[in-house]
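Working notes for the structure below.
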Amino acid sequence: MNVAASVEATNTPALIGSCPSCGSAALTGIYAQDDIPVSSCLLFDNAQAALQVDRGDIRLSHCEDCGFIFNAAIRQGASEYSERYEETQGFSPTFSSFHTALAKELIERHELRGREVLEIGCGKGEFLLLLSQLGENRCTGIDPSAHPHRIAGIEGAERVKLVPEFFAPELAQKQFDAIICKMTLEHIVPTLDFLRVVRAGIVEGSRPLVFFQIPNALRILSDAAYEDIYYEHCSYFTAGSLVRLFENAGFAPLRVLHQYDDQYLTIEATVGNAPPLDIADDRAEVARLAGSLAKRVAAKQADWAARIDAAVKTGRKVALWGSGSKAVSFLAALPDPAKIEAVFDINPNRQGHSMPGTGHHIVGPKDLTSICPDLVIVMNAVYRDEIARELIDAGIEAEIVAL
């Protein structure tokens, strides 16, 4: 795979030439990566099909005016979001605990009991199910990868309607008390246009809670977390650029939080008058970190490649834990992905399928004893403890390291 440390190619005429969040043309190329899978969460039946996944390029541009970062080389519609798209983290006890606590907090803070809730980009509907179970809310979820049958028969599902389609304004033609959009805005290129559509759909005179959750780009920049840079994620926000976008779109931001070990950025907003949100201007810090991103990523990728190479040379089996987007990005950056012996995942819907781009077969914890890895690289450090317990339960004495 070609992972470029320089960004000389960012002047290609096909690139997006103005910021999708503020319209500025003051853009600087900060990172480039070529020939990567455009769909990192698709399920493939075999390695041959997985190797034939459509590919694209990343050319991250930084807007000097608003601080927004985006993939200027994105091809609209290239990524596939369908019933084959398997993104859920709901099989993790760690994530499920976080999700439940988040739902409880929103219900209590905003008195969401017996209310009408809309979620744009609802995934498999797990969060809406929690809002129904814990607050008896009536919920509508819109997502092309939704599987309504997955929640059928579960307590609270009778109040949840999942629509397996892309969001369109006509699907939200009613008054909602809360509009939720979790881990979706980062998949959207025309960010300002999208938020203006959401704003225009709010019934005049109502003041719904508007809750968005996205990856925290400042952490990605600070840690040179290249595993969190992949094709579907075309938009990267810090707290400052997120607040500026919401204000430009006609919303009144109420608060911004860093959650889930600083990995997630959440914003609560409404419409109408509200006191200005006092938030630090992070544009100078973003510009500084963005300017050195490519160099720091290249060094980090070289370190991981050397570590894996050293392990394999001493006869140790190396495995990844987590087969989602982070793993696809991590594998795409390795000079020889075949040195990874196995990829584990606790999601049974992913097991038995193959990884986009490299064709690695995805296995589950039940396969630990037959593979017996010596080095397990955890794709998300927040899950390290629960993965360590899985290894202990299987009697595996492996070294565990996290990205």
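The values are calculated or read from the model by the stated rules, or taken from the named source; none is laboratory data. Please read these numbers as outputs of a predicted model, since none were measured by experiment. All Cβ positions, even for glycine, are placed from backbone atoms using ideal geometry, and neighbour counts span all protein chains on display.
The figures follow:
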{"quantity": "Qualifying residue in region 156-173 (condition: over 17 Å from the mean Cα position of the chain (by Cα), in a helix (DSSP H, G or I) and closer than 30 Å to ARG384 by Cα)", "calculated": "no"}
{"quantity": "Filter result (farther than 30 Å from SER241 by Cα and either surrounded by 22 or more Cβ atoms within 10 Å (Cβ to Cβ) or among the hydroxyl-bearing types (Ser, Thr, Tyr) (or both)) within region 285-317", "calculated": "THR314"}
{"quantity": "Any hit, region 42-62, residues being assigned by TED's automatic domain parsing to the domain that holds ILE279, polar (S, T, N, Q), under 30 Å from ASP281 (Cβ atoms) and surrounded by 15 or more Cβ atoms within 10 Å (Cβ to Cβ)", "calculated": "yes"}
{"quantity": "Residue count for region 43-82, restricted to those that are touching a His at 6+ places or on another chain (Cβ under 9 Å) and not polar (S, T, N, Q)", "calculated": "9"}
{"quantity": "Some residue of region 268-283 being under 30 Å from ILE340 (Cα atoms), surrounded by fewer than 17 Cβ atoms within 10 Å (Cβ to Cβ) and out of contact with any Pro (no Cβ under 9 Å at 6 or more places or on another chain)", "calculated": "no"}
{"quantity": "Qualifying positions in region 318-349 - surrounded by fewer than 17 Cβ atoms within 10 Å (Cβ to Cβ) and under 27 Å from ALA32 (Cα atoms)", "calculated": "PRO335, ASP336, ALA338, LYS339"}
{"quantity": "Where GLY272 falls short, out of the listed (1) assigned by TED's automatic domain parsing to the domain that holds ALA398; (2) small (Gly, Ala, Ser); (3) in contact (Cβ under 8 Å) with a residue 60 or more places away in the chain; (4) not in a helix (DSSP H, G or I)", "calculated": "(1)"}
{"quantity": "Subset tally (residues that are farther than 17 Å from GLY364 by Cα and of a type in the set (Gly, Ala, Ser)) for region 378-401", "calculated": "1"}
{"quantity": "Number of the condition not met by THR28 [criteria: (1) in contact with a strand residue (DSSP E or B) (Cβ under 6 Å, 6 or more places away or on another chain); (2) at pLDDT below 95; (3) surrounded by fewer than 16 Cβ atoms within 10 Å (Cβ to Cβ)]", "calculated": "(2)"}
{"quantity": "Residue count, region 148-193 (criterion: among the aromatic types (Phe, Trp, Tyr) and closer than 24 Å to ALA103 by Cβ)", "calculated": "2"}
{"quantity": "Single match in SER132, SER145 (criterion: closer than 15 Å to HIS99 by Cβ and of a type in the set (Ser, Thr, Tyr))", "calculated": "SER132"}
{"quantity": "Wholly enclosed helices (runs of 4 or more DSSP H) of region 290-403 bearing at least 1 residues in contact (Cβ under 8 Å) with a residue 12 or more places away in the chain and assigned by TED's automatic domain parsing to the domain that holds HIS62", "calculated": "293-313"}
{"quantity": "Selection from region 246-264 of residues that are closer than 25 Å to ALA103 by Cβ and either in contact with a Cys (Cβ under 9 Å, 6 or more places away or on another chain) or part of a loop (DSSP other than H, G, I, E, B) (or both)", "calculated": "PHE251, TYR260, ASP261, ASP262, GLN263"}
{"quantity": "Selected residue [out of contact with any Leu (no Cβ under 6 Å at 6 or more places or on another chain), part of a strand (DSSP E or B), aromatic (Phe, Trp, Tyr) and at pLDDT 95 or above] from TYR236, TYR231", "calculated": "TYR236"}
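To keep it simple, each residue is scored yes or no on (1) among the acidic types (Asp, Glu); (2) in contact with a Leu (Cβ under 8 Å, 6 or more places away or on another chain); (3) under 16 Å from ARG288 (Cα atoms).
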site: THR28; (1), (2), (3): no, no, yes
site: CYS41; (1), (2), (3): no, no, no
site: ALA50; (1), (2), (3): no, no, no
site: ASP54; (1), (2), (3): yes, no, no
